[in-house]
Amino acid sequence: MKKIIILLALFLITACVRSPQPISLFETEEKAFKDISNIEEIKKNNKAWEENLEIDLYTAIALAIKNNKELKIKLLENALANRQIDKIKFEMLPSLAANAGYSGSDKYRTTTSANVSNADTAGVMGTTYTTSSEKSIANQDIGFTWNALDFGLSYIKAGQSNNRYLISDEAEKKATHNIVREVIRTYWNSLSAEKLIKKYDPLLTKVDSALNDSQKIEELLLTKPMDALLYQKELLDIQRALQTQKQIFIDAKIQLGTLMGLLPNQKFKIVDTNEPLTILDMSLKGMEEHALIHRPELIENHYEERISVQQAKAGIVSLLPGLNFNAAWTSSSNDYLMNKNNFEYGSTLGANLLNVFSYPKIKEINETNLRIIKEQRLALSMAVLSQVHLSNINYQMALEEYATADRYYDVSQKITAQVKNAQKIAKFGNLELIREEASLLVAELRYDIAYTKLQHAIGQIYTSVGLDVTEDNVKGYDTAYGQIYNSIGSDVTEDNVKELGFKQYNVKELGVKQYAEIIKNNFKSNGKRYYASVQTPINKQNPVIKKNEGKNSSQFTFKTNTFKLDGFGNTNYEAYLANGDELPFWITFLPSQRTFIINELDKNEIESLDIKVTAKNIHNRINNTFTLLISPEMRTARLAKEKEVAKQIKIAKKLKEKKLKKLPKKTKLVKKNNKKIKRLNKEYTKKIKMNISTKMKLMIKEKIN
């Protein structure tokens, strides 16, 4: 009865053990405080660079690859898949088991027997009982069993796990590509925000001030109420548009910080990128081939096909007979045994004969599954090719949009300049100026957004092609990357590093700046290069103005083949003085005609000007500085005077030399002679009977002295 009660108690305890238990508030608070502690640790680690590190595009990508939390999750999943491989390897080993036990009984386990005369009738049961076991026995054994069928299945399973690990590796690459693409977009948006936010706040202040002034005018009835209200409404529309754009700017920087693994309130400094991305230097056909070979999604499908084939093999192997081998060493404390210690071994062969009938069905299922995977790969390949073509189309559209935004921004700048000049002479009111300044900011924003789209489109092309600039070419880099790069004049790969005998590092061991430089060089080596040159310098085109007959103007036009620029879009020209200042008001530059127009009535008495001409398109720009001869007559007169001055200097020097030869050479007369030389210089200067300017006379005097 006591034993029954104990068993019932154990049963009830076991039944109550798995009752649901909600997480307590204490546990939640404990985990929350632990997370806060981890976040503070991240903040502390980032303080080392947040004050000084200047983040350009390539530094942002390097930080994202190193610190992004989603990418770290992919890395951990990859590591977990690798651990699963090690686990399955152990399943292929024989099973080795050790057992020890104790059994007891309050009575002997005894048996008796009876004689059997035939298969159906037994004789009288005996009256004596025998036993071969003690009441209490201690048993020990150690043995192994190995099933050949299980080994084969485990071997196939290990191969499948290897392929799943490789799939997780490709998933990590895909996540990296997506992060790089998003960093490109958010970086350029953030850079635009950094630049424009400084202009938005003063303009918002100006709008607010104009609103207050208009409200006072309305209250004092200094103008019609409807005019004042319409004026305020337009100002409020401008203010609302500016505030909306300001919110977009703030969001962009937070998104970039999140991608780089930073906290939302963490400060960092964004700087411009000297060498932005360029289109992948590869033909469309080459892009298609590269994508079909290197896209992570397609490589994943190849591994899935392997797994399917291995699964088919496993299904066939499972139909085979099972061959089992076993061996064991046993020990017992039973005194009735002759051999208390014993070694046992054996083998068994077993099979389910009905499995033969299931083979055709299993084969059909495996073949169907394989066909499905192949069709999936074909569909995926077509989708990948579509993405390659779409990314190139998006790039072309982004180029056109950027070209339009560039021209729109240029026109807006000119309009704003005109309005500012007109306001100085009271032709326009304050509202018109505010409206144009707001319009200029919107134009600049559209220009920046268009450029962001252009850079993002380039990033999409890299992603669609499956080109990895962050990992594949990094595995073999030495820490002295720049030195190696310069020594061999090409990208540093694992083979190059091995040949040169440099130490190898992985991404984790590289510093942020070093890793950023590697990413930058990988982009440069794969991107298209656009060249610009001055084919015919303007100074060699006889830059002299020619008067227009019957007009009070003159002009000079440089040749169409002056510049040669690679890249998209028309070549546009700008002209400034060589020091960067605007051209004088009496010179007008006509970019479409490459012509300088000079107003003869307003021009100053000036012989020439040093002018810098800039030629640019979407991808390129180049400068050429030349000297434009404004007044050829002045130059002719100046050259004639300089020639005459040189002649008079030569005559004066000869006269001076004759007088010096007549002077005594004694030392005591040196001081006296010096005074005499100065007097002679004055005399011979006065003797020059030429009608020259005072400036020229001074030049002669300096030459003689």
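Scan the range 237-255 for residues that are in contact (Cβ under 8 Å) with a residue 24 or more places away in the chain and under 15 Å from residue 190 (Cα atoms) and the total you get is 8. Answer yes or no as to whether residue 364 is within 26 Å of residue 453 (Cα to Cα) and of a type in the set (Asp, Glu). No, not satisfied.
Residue count for the range 300-339 satisfying the condition of being more than 30 Å from residue 137 (Cα to Cα) and in contact with a strand residue (DSSP E or B) (Cβ under 7 Å, 6 or more places away or on another chain): 3. The residue of the range 105-124 that is surrounded by the fewest Cβ atoms within 10 Å (Cβ to Cβ), among those that are under 29 Å from residue 335 (Cβ atoms) and modelled with pLDDT of 75 or more, is 107.
For residue 283, all conditions in the list (1) surrounded by fewer than 14 Cβ atoms within 10 Å (Cβ to Cβ); (2) over 30 Å from residue 374 (Cβ atoms) hold save one; what is the number of the exception? Only one criterion in (1) surrounded by fewer than 14 Cβ atoms within 10 Å (Cβ to Cβ); (2) over 30 Å from residue 374 (Cβ atoms) is unmet by residue 283, namely (2). For the range 266-300, which positions are out of contact with any helix residue (DSSP H, G or I) (no Cβ under 9 Å at 6 or more places or on another chain) and part of a loop (DSSP other than H, G, I, E, B)? Within the range 266-300, 274, 283 meet the criteria.
Taking every residue in the range 351-366 that is assigned to a helix (DSSP H, G or I) and of a type in the set (Phe, Trp, Tyr) and pairing it with any residue that is surrounded by 10 or more Cβ atoms within 10 Å (Cβ to Cβ) and modelled with pLDDT under 80, at least 6 positions away or on another chain, the pairs with Cβ-Cβ distances below 8 Å are 359/316; 359/319.
Checking the conditions here, which among 624, 620 is touching a Lys or Arg at 6+ places or on another chain (Cβ under 9 Å), over 20 Å from residue 552 (Cα atoms) and crowded, with 16+ Cβ neighbours inside 10 Å? Walk me through how you get there before you give the answer.
Values: 620 fails: touching a Lys or Arg at 6+ places or on another chain (Cβ under 9 Å).
Going through 624, 620 in turn, just one is touching a Lys or Arg at 6+ places or on another chain (Cβ under 9 Å), over 20 Å from residue 552 (Cα atoms) and crowded, with 16+ Cβ neighbours inside 10 Å: 624.
Which residue, of 581, 610, 602, is touching a Phe, Trp or Tyr at 6+ places or on another chain (Cβ under 6 Å) and either over 30 Å from residue 399 (Cβ atoms) or part of a loop (DSSP other than H, G, I, E, B) (or both)?
Working: 581 fails: touching a Phe, Trp or Tyr at 6+ places or on another chain (Cβ under 6 Å); 610 fails: touching a Phe, Trp or Tyr at 6+ places or on another chain (Cβ under 6 Å).
Only one candidate passes the filter, namely 602.
Scanning the range 321-350 for residues that are part of a loop (DSSP other than H, G, I, E, B) and over 30 Å from residue 311 (Cα atoms) yields a total of 8. Remark: pairs (first residue in the range 166-185, in contact (Cβ under 8 Å) with a residue 40 or more places away in the chain; second residue assigned to a helix (DSSP H, G or I) and acidic (Asp, Glu); Cβ separation under 6 Å; 6+ apart in sequence or on different chains) = 167/300; 168/77; 170/300. Within the range 385-403, none of the residues are within 15 Å of residue 181 (Cα to Cα), touching a residue at least 40 places away in the same chain (Cβ under 8 Å) and not in a helix (DSSP H, G or I).
The values are calculated or read from the model by the stated rules, or taken from the named source; none is laboratory data. Fair warning: this is a prediction, and the values are worked out from it, not measured in the lab. A quick note on method: Cβ atoms are made from the backbone with ideal geometry, for glycine too, and the neighbour counts reach across all protein chains shown.
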